[in-house]
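No value in this document is a laboratory result; all are computed from the given coordinates. Remember, predicted model here, so these are calculated numbers, not experimental data. Note that each Cβ is placed from the backbone with ideal geometry, even for glycine, and that neighbours are counted across all protein chains shown.
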Amino acid sequence: MGRQYAGSVEAELDRIPRLQLATLPTPLQEAPRLAAAIGLDRLLIKRDDNTGLAFGGNKARKLEYLVADAVRAGSDVLVTLGAPQSNHCRMTAAAARVAGMECRLVFAGHPIEQVQGNMWLDQFFGATWTFAGDRPAPECMSQVADELRASGRNPYVIPGGGSNGLGALGYVGCAFELAQQLHERGERARYVVCAGGSCGTLSGLTLGVALSGIEAEVVGVSISRSVPDRVARVRQIMSESCGNLDLPVPDASPTVWSDYIGRGYGMPTELSRRALETVAFSEGILLDPVYTAKAFGGLMGEIEAGRVQRSDLIVFVHTGGTPALFADPAIYWHPD
Ligand SMILES: Cc1ncc(COP(=O)(O)O)c(C=O)c1O
């Protein structure tokens, strides 16, 4: 697998319907002051916080494929789930409006009074929500979808994080975009680092890096304990994506850095706080508190431990999420 497949993969990707939601390509930005601050010679940031749909973030690329599929299915309402401060929910609510649909959200846990950050934005898009309470959120989502069907609607159910084989194609495309940007600069990256949540981003990048022939190690930094085995999850999503692309599954797996979760999802760590401050202070770039600060903190931790070398060229994929900065942390902290 590798470069010899690149042209045919891009042709296959072009064959799959996409609704344009993101402004692409996103910049690949050199971050010299940040590199110096954390002990690297060079650092490149793939600015997927700048995808441009409702404050941007990684979900725009996934939703391009998922919402196109909802249009194909004649759906009139998107249904999905997440934490109350879910970036995925906010961007799905916005994407529904682009496609002329409504959006129903299911939030994990018990109702909360404060409508802040992402939830505040969900309201602008007219999304309505249900709290799952003590029930598992996916079970509650199935029930919401059944009720919609019973009332004559045609819901399209999007899994948490938009992370299935179809959604992950957005990050196969991102890897090809990155390959082109690196090629134009004559650069070779040692690591491509992103946050690992529901793993669609990590899966798409792992598959896309393998197929495009970039010789880099793809790393996901775990941000919670909700996915017990991220490598297995990535392999599963990759095989679904390969089914969509009509390609054999390449023998590629990501590296997972799982020592940076701290007390759990959304709970800050000493490194994640330091990451947020260092990135903002040195480059004027905002990370989000739940995903990218933990992922960048993980990168800093690996550099400090000497496992990532000063001379390694890193591409950090900034996956967005900044509206959560405007929510009381008590809203996005919840047990894994
Ligand atoms: C800002 C941000 N970064 C990263 C992720 C993780 O992406 P994935 O769910 O594809 O692992 C998410 C998921 O919601 C997110 O909102």
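Numbers at a glance
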{"item": "Ordering of 48-56, 307-315 by packing [mean C-beta count within 10 Å, highest first]", "result": "48-56, 307-315"}
{"item": "Relative contact order of the chain, pairs being alpha-carbon contacts under 8 Å that are 6 or more residues apart, as %", "result": "22"}
{"item": "Computed log₁₀ I(q)/I(0) - Debye formula, equal Cα scatterers, no solvent, the chain, q 0.08, 0.13 Å⁻¹", "result": "-0.34, -0.93"}
{"item": "For the stretch 260-307 versus the stretch 114-189, the gap between their alpha-carbon centres in whole angstrom", "result": "24"}
{"item": "Two-site label geometry, Arg307 and Arg153: point separation in nm, points 7 Å out along Cα→Cβ", "result": "4.4"}
{"item": "Length-normalised contact order for the stretch 220-336 - Cα pairs under 8 Å, 6+ apart - percent", "result": "29"}
